[in-house]
Amino acid sequence: MAYDKKPAAHKGRKKYPLLPLRDIVMFPGMATPLFVGRPKSIAAVEYAIKNKNILLLATQKSAGTEDPAESDIYNTGCVGEIIQVFRMPDSTLKIMVEGLSRAKMHGIVSIDPFLLAEAETIIPTGRKAGGAELEALSRRLKTLFEKYMRFEPRIQPENAFGIFEIKNAEELSDSVMGHLVLDAADRQTVLETIPVDDRLERIIGLLEKEIEILKIEKRVKGRVKKQMDKSQKEYYLQEQIKAIHKELGNADLRSEMKELKEKILKAGMPESTEARAVRELEKLEQMPPLSAEGTIVRNYLDWLIDLPWKTRTRDRLDTKIAQKILNEDHYGLDEIKERILEYLAVKKLARDSRGPILCLAGPPGVGKTSLGKSIARTLGRKFVRVSLGGVRDEAEIRGHRRTYIGALPGRIIQSMKKAGTVNPVMMLDEVDKMSMDFRGDPSSALLEVLDPEQNNGFSDHYLEVDYDLSNVLFITTANMLHPIPKPLLDRMEVLEISGYTEQEKLGIAKNFLAPKQLKAHGLSDSRLEFQDKALLKIIQNYTREAGVRSLERNIAAACRKVARQVVEKQKYNISPTPADIVKYLGPEKYRLEKAERHKETGFAVGMAWTQVGGVIMHVEVSVLPGKGKLILTGKLGEVMRESAQAALSYIRSRAERFGLEKEFYAKSDIHIHLPEGAVPKDGPSAGITMVSAMVSAFCKVPVRHDVAMTGEVTLRGRVLQIGGLKEKILAAHRAGIKEIIFPAENKQDLEKIQQTVLDKIKFTPVETMDEVLKICMSRSVFVDKQKAVSKKAKPAVQHPGSPPGMN
């Protein structure tokens, strides 16, 4: 029998104090206690108490929202009456509320001091009560609810039996919802369903679903109980087996467990860690000897026992002995040695001071890693090295959790076990070559390791206990600083190691590398000794590096040739000369880098910094007939290209000062080339060199061949600060440059230059491009203003086929 649906009837709108609920949905006829703690909610309840105890109860869409706005609350709620109020000692309230009727919220009209909402109550009319279909739905609901009660232990039967006596379908649906254990979203959906027959159908669907879930839970619970009974049986049998083994005299397992416990107690672990180890040991005793989980627990205990918890080496704090050891191991590096001696002095005065986190930054082969070993020898500590090059996985630092097969602690904990003391020198090598992928960011994991405020409680995922790293002296190494994340770099004290001069390389080769290789090749007793000229030959013509790694390889190659001559009883020179070096190592690989000494125009000498040290860089400019194009070749980067454009703009703005026509560039193409075209070049420091070369080409005045320069130039001719000046100066020194022009802002960098280099080169700081041109040009390129007005200079156009810079 069909019935017509009628829309829900609404009463007039009224204003109610609003109480937002978290994870609770109120229904008409439902009585429940509520704890009220938020200030606005307390104010709303206080207002309702003074105004007939009536308020609007509506559920928040997200329980985590602390101060909900209108958009955070469902617009269908329930008008309720406060039955009881209990004031708690902490100023919160506990109230008993009973739902009266559904209500539709039309907006919040006030938010201070509490939420005041405008709403109207809803009176559902639905289908006519007493219809056969409605009666059938009601009976089906009661049947399912009775079944639901058998499976759901949280429902008290004495509280719910009254539901079966309810005749009114509207009251029945709301009463059942008051007892169902459902998600807030499902309960809200039922609350918003106004027609009573639709509501009954929705509740029936939810009940059927919940009953099926409860049935499955019951089956699972039964299986778990059976498994637990089985485990208890196994435990009982294991205890019997232990008793039998004891009677048979086979007590190896028991003695092994006892030995493990003694090791745990002697390891010196912190109290919490020791308690954790003992619990794991007790768990191990209850497991079958060959079980997989037993092996995991045993490995875990072995790691805890083998780690150093209290064992430490005594620091050698005598600065004189330390200085002697550092000088024995390394040539030069005065700044680094000074810093280590300062650390020893502070450590001697304040025993509890924490060690610095040092970062040795410099090109390959300058001795960063060997310096770490030398520092450990100086302090009398153990040395461990952790290579971080190519590390992508955070677990390499923090370790894997024990749930994974083959899990191990991270490299930090592994290195501590290897060191065997709590205060080793730990070198984190190639820290600039870490990367990240979907497995995490290892550099972020290092933040905790290298932070003195945090590393006293370092947590490895495998150990799951705190480990103190505050006594470790961490030293990191890097070739470049810019790939290192800023938060990580901020935790380290950076000590930059620049490349060596030829004289320093000669000293290192003579005092360290050559004796080492002679001993390694069995030539210590052969009275073989390399001449200084022979070593310089290797340095100048067989290596091009900031460090000495390639130099050592070439000395080793020469020693191998001599070793063969010794074995075959051939004649050999016990004091190899440069000619012998060519014989041993073959044709020269590099020509000695010298500044070109021609007097052509359009040519200037600059300086550049590379990862392997400084180099001199030639800039060539040719002016050709054309349409004003600027041609740049030599594999230049974007920054260097922009620097060339800025240089040309500066010259155009000063054309009259140079005696050039205003449109001197319109009928000419300007070609700038930097030789060694296969090598990428970038950076702004070639700015003044390009300006000098272009002015030379336009004014037909050569640049002095004994002058090298570096500096960024602005459109107004200001010379700005640059980086890598020390390495550039060393390159100019090798090339025989007599004078270096550099930005005045870089004056402080000269303090880092060796005195031998300062004595051989004239250093001229400049602030403007005019100063540069007055120094570097073989004669003046400036024209008096009066002459510039009366005389218009013709542009210097270079004809095709002529040599670079020649007209």
Checked segment 377-416 with the C-alpha gyration tensor, a ≥ b ≥ c its square-rooted eigenvalues, rounded below a/c of 1.5, otherwise prolate if a/b is larger than b/c and oblate if not; verdict oblate
Euclidean distance of C-alpha centroids, segment 499-548 and segment 303-332, integer Å: 29 Å
Carbon/sulfur fraction of accessible area - the chain, other protein chains in place, 1.4 Å, %: 51 percent
For Phe763, the residues 5 or more places away or on another chain with a placed amide H closer than 5 Å to its own amide H are Ile740
Taking Cα centroids, how far is segment 389-419 from segment 168-192 in Å? 53 Å
Would you please name the chymotrypsin sites (Phe, Trp or Tyr not before Pro) within segment 398-461 that are DSSP coil residues with at most 16 other C-beta atoms within 10 Å of their C-beta? Tyr404, Phe438
Taking a ≥ b ≥ c as the square roots of the eigenvalues of the Cα gyration tensor of segment 373-481, is the shape rounded (a/c under 1.5), prolate (a/b larger than b/c) or oblate? oblate
Mean Kyte-Doolittle of at least -1.0 plus a Cα span of 30 Å or more along the axis: flag which DSSP H helices in the chain meet both, please. 196-248
Two-site FRET efficiency, Val582 against Arg527, from Cβ-Cβ distance with R₀ of 30 Å, rounded to 0.05: 0.85
Of all DSSP beta bridges with both partners in the chain, the antiparallel percent, nearest 5, is 60 percent
Give me the accessible area per residue for the chain, probe 1.4 Å, as a whole number in Å². 52 Å²
What is the local net charge at Val548, summed over the other residues whose Cβ is closer than 10 Å to its Cβ (Lys, Arg +1; Asp, Glu -1)? 0
Between His482 and Lys226, what's the calculated FRET efficiency when r is the beta-carbon distance and R0 is 60 Å? Round to 0.05. 0.45
Pull out the extension gain between Ala557 and Tyr236, defined as 0.36 nm times the separation in residues minus the alpha carbon to alpha carbon distance; nm, one decimal. 108.3 nm
Measuring from label point to label point, each 7 Å out along Cα→Cβ, what is the Phe438 to Lys50 span in nm? 6.1 nm
Can you give me the long-range amide H partners of Gly628? Hydrogens built in the peptide plane at 1.01 Å from N, cutoff under 5 Å, separation of 5 or more residues or another chain. Ser668, Asp669
Given a Förster distance of 45 Å, the FRET efficiency implied by the Cβ-Cβ spacing of Phe151 and Trp309, rounded to the nearest 0.05, works out to 0.30
Pairwise label distance in nanometres, Ala678 with Lys209, each label 7 Å out on the Cα-Cβ vector: 7.0 nm
Could you give the length gained by full extension between Ser71 and Ser575, i.e. 0.36 nm per residue of separation minus their alpha carbon distance, to one decimal place? 172.4 nm
Determine which residues of segment 280-318 fall in the zone a paramagnetic label at Lys418 would reach in this model, i.e. backbone nitrogen under 16 Å from the point 7 Å along Cα→Cβ. 307-308
Out of residues 5 or more away from Gly614 or on other chains, whose amide H comes under 5 Å of its own, with H placed 1.01 Å from N in the peptide plane? Ala731
So if I average 1/r over every pair of distinct C-alpha atoms in segment 455-553 and take the inverse, what Kirkwood radius in Å does that give? 17.5 Å
Within segment 351-383, whose backbone N sits under 20 Å from a point 7 Å along Cα→Cβ of Asp490? 356-360
Based on alpha-carbon atoms only, what is the radius of gyration of the chain relative to the globular estimate 2.2 N^0.38 Å? 1.53
Within segment 24-63, what residues put their amide N at less than 13 Å from the label point 7 Å along the Cα-to-Cβ vector of Leu100? 28-29, 48-57
Read phi for every residue in segment 56-61 and hand back ³J(HN,Hα) as whole Hz from Karplus 6.51 cos²θ - 1.76 cosθ + 1.60, θ = phi - 60°, with x for Gly and Pro. 9, 10, 9, 8, 6, 5
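The values are calculated or read from the model by the stated rules, or taken from the named source; none is laboratory data. What you are looking at is a predicted structure, and each value in this text was computed from that prediction instead of being measured. Ideal geometry is used to build each Cβ from the backbone, glycine not excepted, and the neighbour counts take in all protein chains shown. Just so you know, the surface numbers come from the protein's heavy atoms only, side chains and all, with ligands and any DNA or RNA stripped out. Shrake-Rupley method; radii C 1.70, N 1.55, O 1.52, S 1.80 Å.
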